[in-house]
Amino acid sequence: MKPAHDEPLNPSGASSIGHVVTEAVDTSHGPILYLDDITVSFDGFKALNKLTLTVDEGELRCIIGPNGAGKTTMMDVITGKTRPDAGSAFFGQSIDLTRLTEAEIAHAGIGRKFQKPTVFENHTVFENLELAIKTDKRVWASLRARLGDEQLDRISETLRTIDLLEQADRAAGLLSHGQKQWLEIGMLLMQEPQLLLLDEPVAGMTDEETAKTAQLLKTLEGSCSIVVVEHDMEFIDEIASTVTVLHEGSVLAEGGMNEIKSDERVIEVYLGR
Amino acid sequence: MKSEPLSLNYRPVEQPFFTKTGWTVVAVLALVALVIVPILYVAVPQEHPLHLSAYTVTLVGKILCYCIVACAMNLIWGYTGILSLGHGLFFALGGYAFGMYLMRQIGRDGQYQSDLPDFMVFLDWKEYPWHWAGTDSFLWALMLVVLVPGLLAFVFGFFAFRSRIKGVYFSIITQALTFAFMLLFFRNETGFGGNNGFTDFKRILGFDVTSPGMRATLFALSAAALLGAVVMTRYLERSKTGRVLRAIRDSESRLMFSGYNPLWYKLFIWTLSAVMCGIAGALYVPQVGIINPSEMSPANSIEIAVWVAVGGRGTLIGPLLGASTVNGAKSFFTQSFPEYWLFFLGLLFILVTLFMPKGIVGLVNRIMKRDQ
């Protein structure tokens, strides 16, 4: 029952009912995500310890590391779920992530996929995408909201991308594990994000589904920046250009896949085991 | 692979507001409640077999008010998944707000023939306390019926939802809230008649409250309000807001990361629900002729949750069926076996939870599916 926000977080000063960040993401200096010296501790345990990381626009970045290295905590900080004790987190040049709520960050253009597939199980596949679509998400707008042809076409397009067109009318809870993962990715795409955070997108997938997911991510590469946390080395091998290894809350190594694979320290803490 | 898809682009099939059968049922029920019942009660002579007694009209009118409360509970619990165990409070506050007007309408016809209500004379008060100001105005009383439960719900909800109080914690706090208000209203100094509450009403807008015409009017108004509640529920159910509310119930964090702020959705439906309870309470009090703090007792609020559970959470008509059957059973039991009613209620709740998780509506759906 910990209150997550004691003061209303609203740097823009606009009506707090709004929570619509209209500011565009400024990536004029290259990176879309800056994490600088981030520290998060839980009861003395440092989940993140002076973590510094930047992700460039359009980049596909993989993050690996042993359990407890701080991968999920890092995602929590970026999406506003956890506030860092120290350090700064910026989206583009000007959006301070440590001052926005989860909803505002989602509006600003960061989409997050959870470790466990999280979709609205009692809603149809179509309704899941409809809820995610980028639009005015305030109460009054939702009371009168009707989908225009253009939006319907966008949903259809996403349904095709994630290969769920045939299942559009089914309840999302009836989908297979892999299909749920894709639906969740589809929901993120509907938000038109500039940065996608994917927490173990192929966990529990069959080899065939994993390959299909890798293909899906490759088609997205370039249209937005993607950060993937994964354990599946084969999958990472297939998609990644740059790999960052986290260990005990900070960056242990960073570089191309081959570089990482031959790094002594990485082998010791992670790959070797 | 399908040979020839009809269209490359998906288009959802729109659900009708009500089906044809649905519209017919609504029209017939509206006709019965708004025309036939008043005629049978007021115009048909007493010795005629079709005549409806005042007792029946009042009993059904009372149940209609409970149905509105059940509808309100369904919005917050059935659709949004927030179990309130304090809805009796909003119902009672609506009742008290209108009750103040009813007390003012007694005028000098009370026991002590004073301008003040009897309980104030008894306390040796010389004038109305500040919060009674303006309550002799019918319109102000109507506004209070909406404003008091609405404002309380808005302020309480804002802090509770902003602090992200959820699940059983929220239920317990609402239970404590209604209990605290009950204790407050029990005090004579609060100025609402202490444990006797308000009773002995005489008039509304100068018309006798016990006259058949007034009873029929209150009955018809209750039916109309219930109809409005059902239509509004259906509108919400079909709107995107309804889908967002169900998404809050099923996976609130996914919704937040999709860019929604659940606070305002919860606050909207919570306040709306409280206002509906207030209106129901205001219609209830003149029909039963009394309002006292026992309406705020924790057990009353729990009973509201039982109605909705019995009928079927998150369904359009389930709460109405639940409120009617449970209260029908209650009238029967409290007359025939008064000491067994609470045992029966407890048993009913256990049986429904174990064997009918989706209530009466779920059971009927299951049977109909089996037959197909």
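The values are calculated or read from the model by the stated rules, or taken from the named source; none is laboratory data. Quick caveat, the model's predicted, so the values are computed rather than measured. FYI the Cβ positions are ideal-geometry reconstructions off the backbone, even for glycines, and counts take in every protein chain you see. Heavy atoms of the whole protein, side chains included, go into the accessibility calculation; ligands, DNA and RNA do not. Shrake-Rupley method; radii C 1.70, N 1.55, O 1.52, S 1.80 Å.
Annotation note: of B:194, B:167, B:150, B:157, the sole residue that is within 30 Å of residue B:29 (Cα to Cα), open to solvent by less than 60 Å² (accessible area, probe 1.4 Å) and among the small types (Gly, Ala, Ser) is B:150.
Select from segment B:68-90 the residues that are open to solvent by 10 Å² or more (accessible area, probe 1.4 Å) and under 30 Å from residue B:132 (Cα atoms) and list them in ascending order. Explain how you work it out, then say what you get.
Initial filter on segment B:68-90 (open to solvent by 10 Å² or more (accessible area, probe 1.4 Å)): B:77, B:79, B:81-83, B:85.
Scanning segment B:68-90 gives a single hit, B:85.
Are any residues in segment A:166-222 touching a helix residue (DSSP H, G or I) at 6+ places or on another chain (Cβ under 6 Å), more than 14 Å from chain B (Cβ to nearest Cβ) and among the aliphatic types (A, V, I, L, M), and if so, which ones? Within segment A:166-222, A:202, A:205, A:214, A:217 qualify. The single condition among (1) touching a Lys or Arg at 6+ places or on another chain (Cβ under 6 Å); (2) surrounded by fewer than 18 Cβ atoms within 10 Å (Cβ to Cβ) that residue A:250 does not satisfy is (2). Would you mind stating whether residue A:163 is over 20 Å from residue A:54 (Cα atoms), in a loop (DSSP other than H, G, I, E, B), open to solvent by 40 Å² or more (accessible area, probe 1.4 Å) and of a type in the set (D, E, K, R)? When the stated conditions are applied, residue A:163 passes them.
Going by what's in this entry, would residue B:274 be described as at pLDDT 95 or above, more than 9 Å from chain A (Cβ to nearest Cβ), closer than 30 Å to residue A:126 by Cα and under 17 Å from the mean Cα position of the chain (by Cα)? Taking the combined requirement at face value, the residue does not satisfy it.
Which ones in segment B:91-130 are hydroxyl-bearing (Ser, Thr, Tyr), open to solvent by less than 40 Å² (accessible area, probe 1.4 Å) and not in a helix (DSSP H, G or I)? Can you show your working first?
Of segment B:91-130, the ones hydroxyl-bearing (Ser, Thr, Tyr) are B:96, B:101, B:112, B:114, B:128.
Restricting the remaining residues to those that are open to solvent by less than 40 Å² (accessible area, probe 1.4 Å) gives B:96, B:101, B:114.
Correct list: B:114 only.
For segment A:130-139, the set of residues classified as basic (Lys, Arg) and open to solvent by 20 Å² or more (accessible area, probe 1.4 Å) consists of A:134, A:138, listed by residue number.
Would you check which residues across segment A:103-129 are of a type outside the set (A, V, I, L, M, F, W, C), at the interface with chain B (Cβ under 8 Å from one of its Cβ atoms), under 26 Å from residue B:78 (Cα atoms) and open to solvent by less than 10 Å² (accessible area, probe 1.4 Å) and list them? A:123 - this is the single residue of segment A:103-129 that is of a type outside the set (A, V, I, L, M, F, W, C), at the interface with chain B (Cβ under 8 Å from one of its Cβ atoms), under 26 Å from residue B:78 (Cα atoms) and open to solvent by less than 10 Å² (accessible area, probe 1.4 Å).
Among residues of segment B:146-175 that are within 11 Å of another protein chain (Cβ to nearest Cβ), those with a beta-carbon under 7 Å from a residue that is open to solvent by 40 Å² or more (accessible area, probe 1.4 Å) and in a helix (DSSP H, G or I) at least six positions away or on a different chain give the pairs B:160/B:173; B:165/B:173.
So which residues in segment A:140-160 are within 7 Å of chain B (Cβ to nearest Cβ) and surrounded by fewer than 18 Cβ atoms within 10 Å (Cβ to Cβ)? Across segment A:140-160, the qualifying residues are A:143, A:152, A:153. It is to be established whether one or more residues within segment A:119-132 are part of a loop (DSSP other than H, G, I, E, B), hydroxyl-bearing (Ser, Thr, Tyr) and touching a residue at least 24 places away in the same chain (Cβ under 8 Å). Looking through segment A:119-132, none of the residues is part of a loop (DSSP other than H, G, I, E, B), hydroxyl-bearing (Ser, Thr, Tyr) and touching a residue at least 24 places away in the same chain (Cβ under 8 Å).
For every residue, the table says whether it meets (1) within 21 Å of residue B:273 (Cβ to Cβ); (2) open to solvent by 40 Å² or more (accessible area, probe 1.4 Å); (3) touching a residue at least 12 places away in the same chain (Cβ under 8 Å).
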| residue | (1), (2), (3) |
| --- | --- |
| B:38 | no, no, yes |
| B:45 | no, yes, no |
| B:52 | no, yes, yes |
| B:66 | yes, no, yes |
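Close contacts from segment A:60-80, counting a first residue that is more than 14 Å from chain B (Cβ to nearest Cβ) and a second that is in a helix (DSSP H, G or I) and not β-branched (Val, Ile, Thr), with Cβ to Cβ under 6 Å and a gap of 6+ residues or different chains, come to A:63/A:71; A:65/A:71; A:66/A:270. Scanning segment A:217-247 for residues that are among the hydrophobic types (A, V, I, L, M, F, W, C) and open to solvent by 20 Å² or more (accessible area, probe 1.4 Å) yields a count of 2. Between B:246, B:238, B:203, the distinction of being open to solvent by 20 Å² or more (accessible area, probe 1.4 Å), among the basic types (Lys, Arg) and more than 14 Å from chain A (Cβ to nearest Cβ) belongs to B:203 only.
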